[in-house]
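Below is one structure; the comments refer to it alone.
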Amino acid sequence: MEIAVEPKSREDLRRLAFSIRKVLGLEDELYFPIVELLDVLEETLPGFSYEIIGDGELPPKKHAETDVETGVVRIKQSVYDGARQGNGRDRMTIAHEFAHFMTLCFVGFKLYRSFDDRPVEAYRDPEWQAKCLAGELLVPHHLVGSMTAWDVAEKCGVSEPAARYQLKKR
């Protein structure tokens, strides 16, 4: 059994990312201050809250998680600290969990259980959608134009592989 959500294209998620940036007054900013916004979001976004937890409270390869029933995003201390220091992977991890909150808790994409043996298509996969929305939030499509991957990584605060991936999806 797999979990699927309502189909959303990259373009749909790109528009959602732009809308989020616009509501926050960040539509013209390359750098999306995901860590700095956590407290603001907790105070202004209905249902959103986050917890910084000890590294041992989640399995070793799990860096953060979102409880779609409660709206709580749990972030490992090392990931939070890394994101505060500008580590692109850690910033993307937090953006990914925020994307889960936005799509599954706030905007309310519907979840479906798939009982057939076929894999869920990417555009219906909640993990792909969160990864896509996180990338679109941190690397604003409309601002990166002819930038190099190195420039995008530097100015948007993401890893170079993430920058290359987002530029390839332009």
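Structural remarks
- The range 1-84, accessible surface, carbon-and-sulfur percent (1.4 angstrom probe): 50 percent
- The charge dipole of the range 23-170, taken about the Cα centre with unit charges on the Cβ atoms of Lys, Arg (+1) and Asp, Glu (-1), comes to about 600 debye, rounded to the nearest 20.
- Ligands, DNA and RNA are left out, and with a 1.4 angstrom probe the accessible area of the chain is 53 Å² per residue.
- Of Leu16, Leu24, Leu133, the one that fluctuates the most in a GNM where the chain has Cα springs shorter than 10 Å: Leu24
- Global geometry of the range 1-122, whether rounded, prolate or oblate, following the gyration tensor of its Cα atoms and the 1.5 cut on a/c: oblate
- Accessible-area rank, largest first, for Lys61, Lys22: Lys61, Lys22, with all protein chains present and a 1.4 angstrom probe.
- What separates the Cα centres of the range 1-79 and the range 145-170 is a distance of 20 Å.
- Estimated at 0.36 nm per residue, the fully extended path between Arg89 and Glu51 surpasses their Cα-Cα distance by 11.8 nm.
- Here the label points at Lys155 and Glu27, each 7 Å from Cα along the C-beta direction, are separated by 1.9 nm in the simple model.
- For the chain, the residue among Val23, Ser159, Ala99 whose Cα projects farthest onto the positive side of the dipole built from Cβ charges is Ser159.
- Proximal lysine pairs, the range 4-141, alpha carbons under 21 Å, eight or more residues apart or interchain: 10
- Sites Glu42 and Lys168, calculated FRET efficiency, Cβ-Cβ separation with R0 30 Å, nearest 0.05: 0.35
- Calculated mean residue ellipticity, 222 nm, the chain: -14000 deg cm²/dmol, from DSSP H runs (n ≥ 4) at -39500 (n - 2.57) each, averaged per residue and rounded to 500.
- Applying 0.36 nm per residue to the separation of Leu58 and Glu11 and subtracting their alpha-carbon distance, the gain on full extension is 13.6 nm.
- Prolate/oblate/rounded label for the range 44-93 (Cα gyration tensor, a/c 1.5): oblate
- Here the dipole of the range 1-93 is about 400 debye; that uses its Cα centre as origin and unit charges on the Cβ of Lys and Arg (positive) and Asp and Glu (negative).
The values are calculated or read from the model by the stated rules, or taken from the named source; none is laboratory data. Please read these numbers as outputs of a predicted model, since none were measured by experiment. Note: ideal-geometry Cβ built from the backbone for every residue, glycine included; neighbour counts use all protein chains shown. Side chains included, ligands, DNA and RNA excluded: accessible areas come from the protein's heavy atoms. Shrake-Rupley method; radii C 1.70, N 1.55, O 1.52, S 1.80 Å.
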